[in-house]
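The values are calculated or read from the model by the stated rules, or taken from the named source; none is laboratory data. Only a predicted model underlies this, so the values are computations on that prediction, with no experimental measurement involved. A quick note on method: Cβ atoms are made from the backbone with ideal geometry, for glycine too, and the neighbour counts reach across all protein chains shown. Ligands, DNA and RNA are excluded from the accessible area calculation, which covers all protein heavy atoms including side chains. Shrake-Rupley method; radii C 1.70, N 1.55, O 1.52, S 1.80 Å.
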Amino acid sequence: MVAGRGRLSVPSGYLTNELDFPLLAICGLNAKVIKSDECGRGMKKRYSRVLSVIALLFSMELFASDKPIRLAAPYITSLIEENQTGVYQKIMAEALSHIDKPIKQLFFPYKRALTVFEESHVDCIYSFTKVLQEKLGKDKVIFSFPLGAFGYYIFTRKEYPAFTSVNQLTGLKVGAVIGHDSYYRDALNSDTKLLMVSSDEQNIKMLEHLRIDALIGALPDLTSYVPLLSYSPDHPLIKSYDRITCHNNQTNRVFIEQLSSTLKTLKIDGTYRRLSGKLYVDFDESSF
C-alpha cells in the first residue's frame, strides 16, 4: 500500500470514494487498511456532526457580519413613526440593545413598505405577516414573537350608535386607509364601498366633517381618538398580532430566533407595558 497526497491506495473492496482519507482518519488507521463495513454507522454519524458544526459556525459568521439587516418601517399611527418614537420602535430599540446585529430602519408609506419587501429591497418589515404568507407562501417568510396585539373595528361619530355588524355598512360611505384593507377585506360584504385615504388622521377629519359615515381603523393605533368616536369593543372585524416579518434565509432565521427570545423576555418582565403606556394591549405570551 502506498500513501499519496491526501489519498490512500487500497485493495479492491475497501474504502474507495473521494472522502476515503478523512473517513479513515476518523475511524482510526493503525498500520492496516480498514474495510468500510468496519467503520460502520458511527463513522458516518461523526462525519455528519463535523459538517453540522461547520454549518453552524458559518451561519454564526454570517450573522455576526457588519452588514445590517434592512428593516422596512411602514407608518402605523402611534406605533411606527417617521421620527422613530412609535411604541413598536421603542420596543425594538430595547430588544436590539441585547442583540449584536446592526439594523437599518427604512421608513415608508404603508403600502410602499409592503412593495419594497415583496421586491426584496429590504430583509424584514414590521407587521404584514399573514398578508405576506398568503402572497408569497408560508415557507417564504418567517416571523418573530409579537410586538403587540391589535384589532380592526368600525368607528363612527360619538353621538351615533356603534356598528355591530358589517351588514350595517351597506349604502354608507366608509373611510379606510390605503393598504390596511388587506387585513380585513375578507370580513366585509362584497358590496361594502370603501373610500381610500392616506392616513388615520385624514379619516378622522373626514368623519368630523360628515364626508364619511364610518371609518375602519385599528386599536391600539387610534386609542387617542377613542373619546371622539363610537364603536363596539365586542365586534372587531379581525384580531391579530404585529410581528417582525422577514424573508426566509439563514441570516434572518438566526436574527429572528435571537430577537424572539429577547422580545418574549421583555414582554414577561413588564417592559412592553412600560414602553407602551396607554397603548398597551395585553396578550398571553405563553401561547408563543
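Taking only region 166-179 into account, find how many residues are under 13 Å from Phe155 (Cβ atoms) and in contact (Cβ under 8 Å) with a residue 40 or more places away in the chain. Qualifying residue count, region 166-179: 6. Just so you know, in region 74-110 the residues that are closer than 19 Å to Leu222 by Cβ and among the polar types (S, T, N, Q) include one that is surrounded by the fewest Cβ atoms within 10 Å (Cβ to Cβ), and it is Thr85.
Sort out which residues of region 137-148 are in a strand (DSSP E or B) and either farther than 19 Å from Leu219 by Cβ or acidic (Asp, Glu) (or both), and write them in order of number. Across region 137-148, the qualifying residues are Val141, Ile142, Phe143.
If you scan region 67-110, which residues turn out to be assigned to a loop (DSSP other than H, G, I, E, B) and free of Cβ contacts under 8 Å to residues at least 60 places away in the same chain? Hits for region 67-110 are Lys67, Pro68, Glu81, Glu82, Asn83, Gln84, Thr85, Gly86, Ser97, Asp100, Pro102. Within region 207-228, the set of residues being in contact with a Lys or Arg (Cβ under 9 Å, 6 or more places away or on another chain) and open to solvent by less than 10 Å² (accessible area, probe 1.4 Å) comprises Leu207, Ile212, Ala214, Pro220.
Residue-wise test of (1) surrounded by fewer than 17 Cβ atoms within 10 Å (Cβ to Cβ); (2) assigned to a helix (DSSP H, G or I); (3) not acidic (Asp, Glu).
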position: Phe150; (1), (2), (3): no, no, yes
position: Tyr153; (1), (2), (3): no, no, yes
position: Glu159; (1), (2), (3): yes, no, no
position: Leu172; (1), (2), (3): yes, no, yes
position: Gly175; (1), (2), (3): no, no, yes
position: Gly179; (1), (2), (3): no, no, yes
position: Asp186; (1), (2), (3): yes, yes, no
position: Asp191; (1), (2), (3): yes, no, no
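Across region 258-287, the qualifying residues are those that are of a type in the set (D, E, K, R) and part of a helix (DSSP H, G or I), and the one among them that is nearest to Lys101 (Cα to Cα) is Lys264.
Hey, can you tell me all the residues within region 193-206 that are surrounded by fewer than 16 Cβ atoms within 10 Å (Cβ to Cβ) and touching a residue at least 60 places away in the same chain (Cβ under 8 Å)? Listed by number, the residues that qualify are Ser198, Ser199, Glu201. The single condition from (1) more than 27 Å from the chain's Cα centre (by Cα); (2) closer than 23 Å to Lys90 by Cβ; (3) not acidic (Asp, Glu) that Leu172 fails is (2).
Given Ser230, Ser240, which one is over 29 Å from Leu71 (Cα atoms), modelled with pLDDT of 95 or more and of a type in the set (Ser, Thr, Tyr)? Of Ser230, Ser240, the one residue that is over 29 Å from Leu71 (Cα atoms), modelled with pLDDT of 95 or more and of a type in the set (Ser, Thr, Tyr) is Ser230. Which of the residues that make up region 111-136 are open to solvent by 20 Å² or more (accessible area, probe 1.4 Å), assigned to a helix (DSSP H, G or I) and of a type outside the set (A, V, I, L, M)? Across region 111-136, the qualifying residues are Lys111, Arg112, Thr115, Glu118, Lys130, Gln133, Glu134, Lys135. Please indicate, with yes or no, whether at least one residue in region 84-95 is within 26 Å of Leu279 (Cβ to Cβ), at pLDDT below 95 and more than 15 Å from the chain's Cα centre (by Cα). Taking every residue of region 84-95 in turn, at least one turns out to be within 26 Å of Leu279 (Cβ to Cβ), at pLDDT below 95 and more than 15 Å from the chain's Cα centre (by Cα).
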